[in-house]
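Taking it in order: structure first as structure tokens, then the write-up.
The values are calculated or read from the model by the stated rules, or taken from the named source; none is laboratory data. What you see is a predicted model; the values in this text were computed from it and never measured. To get the accessible areas, we keep the full protein, side chains included, count just its heavy atoms, and leave off ligands, DNA and RNA. Shrake-Rupley method; radii C 1.70, N 1.55, O 1.52, S 1.80 Å.
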Amino acid sequence: MATLGVNIDHVATVRQARRTVEPDPVWAAALAELGGADVITVHLREDRRHIQDRDVRVLKQTVQVKLNFEMAAEPAITDFAIEILPQLATLVPEKRQEVTTEGGLDVVGNLDRVRRCVDRLHAAGVAVSLFIDPAENQIEATKGLGCAAVELHTGRYADAISAAAQAHELEQLLKAGRFARDCGLQLNLGHGLTYRNVQPVAAIPDAAELNIGHSIVARAIMVGFSQAVSEMKRLIVAAQCNAK
Ligand code: PXP
């Protein structure tokens, strides 16, 4: 049964727009848990544009479900992750100019750098997932590094401009998901998922965790955080029941 990871970065985006103390992502995380979140996800970017160090420290103490810490494969952020010890660290590519994470991590092309980071996290007892495009060579490299999980980038599926293109991208996710599971990796998926497009992804066999941020935060502004999370959770559970 796929679980729901709620990414609360954009609660912090609103706060940082005024460099004030509200809204507090820690409060949002508690409301997300009440709405049925199985995982709380945050991305501490190197430029600290939304989530701050303090947020992660407080969340580690207050979150009652799993904390998934998204991070670049960089030494300073790795030091911080080892101080915090989240239940899962997800390595993502990071460019300063991008609006959001664009494309998956090129594990194959950056094997030594990624390995240094993964090895340090593993030595500290932190399970690691790599956020990658749905490609077999990237999945094999993830397996080779001893990671527990992959998170397949669903952005191309979410951005597809026709039903045919979307069906093609879903097929790529299904194939890559099968391959990841055959490699013994936990299958997580995320990026660009919304209330309209989530169900085919939630129905992917053995999908373990869906990480969803922007769409939930956007809806939460209108209906409140717990309700926005519980509506998303209901869609995911229904998609899985229908797939059986
Ligand atoms: N998964 C990863 C690895 C991400 O970097 C992000 C965006 O921070 C998400 C999931 C969530 O994407 P979205 O905000 O589009 O739901």
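For the stretch 117-244, the carbon plus sulfur part of the accessible surface works out to 53%, probe radius 1.4 Å. Residues considered: M71, M232, M222. Largest GNM mean-square fluctuation over the chain, using C-alpha springs under 10 Å, is found at M222. Take the chain with all the other protein chains still there, run a 1.4 Å probe, and you get 45 Å² of accessible area per residue. Under a Gaussian network description of the chain, with springs only between Cα atoms under 10 Å, the residue in I84, I212, I139 that fluctuates furthest is I84.
Comparing G190, G36, G146 in a Gaussian network model of the chain, where Cα atoms under 10 Å apart are tied by springs, the biggest mean-square fluctuation is seen for G146. For the chain, lysine pairs with C-alpha atoms less than 21 angstrom apart, excluding pairs fewer than eight positions apart on the same chain, total 4. Structural descriptor for the chain: relative contact order 21 percent, calculated from alpha carbon pairs under 8 angstrom and at least 6 residues apart.
When a/c is below 1.5 the answer is rounded, else prolate if a/b is larger than b/c, else oblate, so apply that to the stretch 1-52 with a ≥ b ≥ c taken from the square roots of the Cα gyration tensor eigenvalues. It is oblate, given that a/c is not under 1.5 and a/b is not larger than b/c.
The heavy atoms of S162 offer some 50 square angstrom of accessible surface to a 1.4 angstrom probe. Cα centroid separation, the stretch 57-92 to the stretch 201-244: 23 Å.
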